[in-house]
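Following: one structure in structure tokens, then a few remarks.
Nothing in this text is a laboratory measurement; each read-out follows from the coordinates by a stated rule. Note that this is a predicted model, so its numbers are computed, not measured. Because the Cβ atoms are built from the backbone with ideal geometry, glycine has one as well, and the counts that use them run over all protein chains shown.
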Amino acid sequence: MKKVTIIGSGFSGLSAASFMAKAGAKVTVLEKNSTTGGRARSYTEQGFMFDMGPSWYWMPDVFERFFAHFGKHPSDYYELVRLDPGFQMIFSENDIMQIPASLEGIYEVFESIEKGSADKLKLFLEEGAFKYKAGMQHLVHQPAYSWLEFAKYDIIRDASRLHMFKSVRDYVSKFFKDERLVALMEFPVLFLGATAKEIPALYSLMNYSALSQGTWYPMKGMAEIIKGMEALAVSLGVEFVAGCEAKKVEITGSKAINIKTNKGTYNIDGVIASGDYHHIEQHLLDMQYRNYSEKYWDKRVLAPSSLIFYVGVNKRIQKLIHHNLFFDASLNIHAHEIYHDPKWPNDPLFYVCCPSKTDASVAPEGMENLFILIPIAPGLSDTNEIREHYFKVVIERMEKVCGEQIMEHIVYKKSYCKNDFVNDYHAYKGNAYGLANTLRQTAVLKPTLRNKKVKNMFYAGQLTVPGPGVPPALISGQIAAEQLLLHLK
Ligand SMILES: Cc1cc2nc3c(=O)[nH]c(=O)nc-3n(C[C@H](O)[C@H](O)[C@H](O)COP(=O)(O)OP(=O)(O)OC[C@H]3O[C@@H](n4cnc5c(N)ncnc54)[C@H](O)[C@@H]3O)c2cc1C
């Protein structure tokens, strides 16, 4: 039985672990933190259960396909509900746009804002469906060693319909003029780590997922997905070692033979490193075994970091729904301060997740559970004073929009920012979401999934292919496992 070690227990590591175990390997997952899940960990305090990272459940088919590989379905592990409305965008206290679950409802919202836009949306979503099928069902499943891999798909003959060389900004502006509709169509790509001007319009496939497939929520929180994936892995024989930090990959010739950790040495036939790529290369490998230099990393465009607040409030807040995007400030100015002139934002946009609107189990009765996130440039200085300043800013903005007192009802609060990303995950420059999905950092142009010098070492996770986000992380773990299996045959 081949012995395989997975470094890291985020979504990509959990995925890789199950694929390796199903293929018959003896799999051990090493996780430096005390709990599994990586950026998707959760914690409970004073009766509030906080998901620490992801909160948007999009692309439900990717989760279904993952579990189907093991003869399972998401419903074997968690109960999904479709949110209706899916989310709301707040432009001011009197201008709030709610996005219903049904497409008919969404067409009505569009038409009420801009005449003729419902028909345009239909066309936009048809093109989005084509891109989604091409992108998420075919293209993302390649290891991306060479562009030739993509040539085998018929879909490539229709490559012009993928809009790789057009920006999301240009593409969206062909369809919609009203700036609220433009903001709605551009916001999903903010997750991909660059402005709509720099992201290829291929990624408008995310609008298709958001609007056509809908926004879902696993009851008891996103942590249930992690629990489900861990249970699946354990059922396949995977062993998890928490509080175990990989310190060094020992190599003989071109083969990794041992992983040295703070809890002893693991003798291995293969390794999948799903912790942050930069850290693994720079700290666990001797120079001659690294794919990339420090200079290479410094030139990468990273997705943003985030300032996050986990907050418990001892009353219900009427105007909030589950997902709330505060766009009551300039998107262009904030985006400029993240991507082009990195600094703490003057007047930030922010996002508030309030899962207690859907799920009574995440807060004590009559109370509200809030996750507040401000996207910020990676690598900024992170002090307590700065965090407190922004806490006041966002709570005051929420009070204005919601028309009620919030600050004096806060019974629990914890902040999380760049320094925590570095300490907890060894995140390069404190990034939250890995590398930006710009054209120059897509597929073959991303840090490669294989170690070119160590034949039995592969990488997985949001800094390699296919990119940031939970669904890509699941796929990344799968591809890395498939590649290691080919090598171990
Ligand atoms: C605040 C936030 C909000 C997000 N929101 C969404 C969302 O709504 N929807 C969505 O789809 N995506 C979202 N994302 C992105 C998504 O969560 C990530 O892309 C995904 O979870 C990354 O998984 P991963 O396996 O690549 O990495 P990680 O989750 O970072 O896992 C890597 C693991 O490796 C461990 N590790 C690192 N080094 C070592 C070592 N030397 N030894 C042992 N262990 C090590 C780390 O501790 C960590 O547990 C969000 C991310 C953040 C941070």
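Laid out as a table, the results:
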read-out	value
Nearest-ten-degree value, helix 117-132 long axis tilted from longest Cα axis of the chain	0 degrees
About the Cα centre, charge dipole magnitude for region 106-213 (Lys/Arg +1, Asp/Glu -1 at Cβ), debye	200 debye
Charge context of A40, other residues only, Cβ under 14 angstrom, K/R +1, D/E -1	-1
From phi via Karplus (6.51, -1.76, 1.60), per-residue ³J(HN,Hα) for region 272-281 in Hz, x at Gly/Pro	10, 9, 10, x, 4, 3, 4, 4, 4, 5
Nearest-ten-degree value, helix 470-488 long axis tilted from longest Cα axis of the chain	10 degrees
Cβ-based exposure ranking for M164, M367, in which fewest neighbours within 10 Å come first	M164, M367
For the chain, calculated [θ]222 nm from helices alone, where every DSSP H run of n ≥ 4 adds -39500 (n - 2.57)	-8500 deg cm²/dmol
Dipole of the chain [Lys/Arg +1, Asp/Glu -1 at C-beta], most positive-end residue of L139, A377, H334	L139
Amide H contacts under 5 Å for M49, placed H, 5+ residues apart	A363
Helix 223-235 axis, angle to the chain major axis (alpha carbon atoms, nearest 10°)	20 degrees
Karplus-derived 3J(HN,Hα), 6.51/-1.76/1.60, for each residue of region 162-179, Hz, glycine and proline x	7, 6, 5, 9, 10, 8, 4, 4, 5, 5, 4, 5, 5, 9, 10, 10, 4, 5
Average Cα contact separation per residue, the chain, under 8 Å, 6 or more apart, as relative contact order %	24 percent
Unit charges on C-beta of K, R, D, E only; dipole of the chain, Debye	2040 debye
By average C-beta atoms within 10 angstrom, highest first, the peptides 439-449, 4-14	4-14, 439-449
Placed amide H near K248: partners under 5 Å, 5+ positions off or other chain	K260
Selected from L486, P100, V394, residue furthest toward positive end of dipole (the chain; charges at beta carbon)	L486
Amide proton proximity set for V81, modelled H, under 5 Å, gap of 5+	Y217, M219
In Hz, Karplus ³J(HN,Hα) per residue of region 312-323 (6.51, -1.76, 1.60; θ = phi - 60°; x = Gly, Pro)	x, 10, 8, 7, 8, 10, 4, 7, 6, 10, 4, 10
Rule-of-thumb Rg ratio for the chain [Cα; 2.2 N^0.38 Å; N residues]	0.95
For region 292-361 versus region 178-204, the gap between their alpha-carbon centres in whole angstrom	15 Å
Positive minus negative residues near G228 (Lys, Arg vs Asp, Glu; Cβ under 12 Å)	-1
